[in-house]
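I have placed the structure first, in the form of structure tokens, so that the comments after it can refer back to it.
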Amino acid sequence: SFDEHNLSYDPLGKQYVLSFKKTGTYGRAHMISTSTDFQHWSEPEMVIQADALDQELGRLHIEEFLQSSNADYLKPLPNNPDWHWQNVDIYNTGVFRYEGIFVALPAMYYSKGARWTSHTLRFTRIELWCSRDLSEWDRVANRQAFITWSPGNSGAYDLNKNLGPSYPLVRDDELWLYYSGRKEQSVFPEPDPDPAAVCL
């Protein structure tokens, strides 16, 4: 696998659920494997990945981001022909069972700029997916963002590249989702010395 993994325990199914990054149709995607003993694992299935509609909607979300104060943090942006390339894939996905269903929190990763380099505009929107069997997934709320960015002028950390948790903490009638929030993920104009924090 690649550099992103998430692990949770499903007490109802008495199994461990592992999601990990591999290459899918549009770039990064996530496979799922399960184990009842943490030693023997099921054959991984590629079940969480971006599709053609994500690429179409991606153009709108990228334009929305470019019009926000969050993009001001990354400007000036390069102005060259390579900047016209863009892509949507999935950087990270936490998967867990809550009540009777499985929940996934995929970090949809939007790129615009020089193809597959750090010289791009890059940001994530965390969506909410659900499944009964870990194989067939429904996109909740018409693909709207479940965890999105804070405003760029707010002084917060979660301005650009947010990554969801592997599992929530259950507190009475609430789910507490601790997630990674980043100010930016780029080499221009210069790296921020204080770029990331754990957000709730």
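Using +1 on the beta carbon of Lys and Arg, -1 on that of Asp and Glu, and nothing else charged, what's the dipole of the chain about the Cα centre, debye to 20?
Values: 18 positive and 27 negative charges, 69 e Å.
Taking the Cα centre of the chain as origin, the dipole is about 340 debye.
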In the Gaussian network model of the chain, springs joining C-alpha atoms below 10 Å, which of SER135, SER19, SER111 carries the largest mean-square fluctuation?
SER135
Quick one: if you take sqrt(5λ) for each eigenvalue of the C-alpha gyration tensor of the chain, what semi-axes come out, biggest first, whole angstrom?
30, 19, 15
Ordering of 4-13, 169-178 by burial proxy (mean other Cβ atoms within 10 Å per residue, highest first)
4-13, 169-178
Mind checking the angle between helix 52-66 and the chain's longest principal axis? C-alpha axes, 0 to 90 degrees, to the nearest 10.
50 degrees
Run the numbers for THR148 and LEU200: contour at 0.36 nm per residue of separation, minus the present Cα-Cα distance, in nm.
17.5 nm
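At a Förster radius of 35 Å, what calculated FRET efficiency corresponds to the Cβ-Cβ distance of GLU64 and ILE101, to the nearest 0.05? Please report the intermediate quantities before stating the final value.
Details: r = 30 Å, r/R0 = 0.85.
Given R0 = 35 Å and the Cβ-Cβ separation, E is 0.75.
Per residue, how much accessible area does the chain show when a 1.4 Å probe rolls over the protein heavy atoms, in square angstrom? Working shown, then result.
Numbers: 10340 Å² over 200 residues.
Accessible area per residue, the chain: 52 Å².
How many percent of the accessible area of the chain is carbon or sulfur, using a 1.4 Å probe? Walk me through the numbers before you get to the answer.
On the way: 5280 of 10340 Å².
C and S fraction of accessible area: 51 percent.
Hey, if we sort THR23, THR124 by accessible area with the 1.4 Å probe, largest down, what's the order? Before the final figure, lay out each step's value.
Numbers: THR23 95, THR124 0 Å².
Output order, biggest surface exposure first: THR23, THR124.
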Compare GLU45, GLU63, GLU127 in a GNM of the chain, Cα atoms joined below 10 Å, and give the one with the largest fluctuation.
GLU63
For PHE123, what residues show an amide H to amide H distance below 5 Å, using hydrogens built from the backbone and excluding near sequence neighbours?
TYR110
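The values are calculated or read from the model by the stated rules, or taken from the named source; none is laboratory data. Not measured: the values here are computed from a predicted model. Backbone-built Cβ (ideal geometry, glycine too); neighbour counts: all protein chains shown. Ligands, DNA and RNA are excluded from the accessible area calculation, which covers all protein heavy atoms including side chains. Shrake-Rupley method; radii C 1.70, N 1.55, O 1.52, S 1.80 Å.
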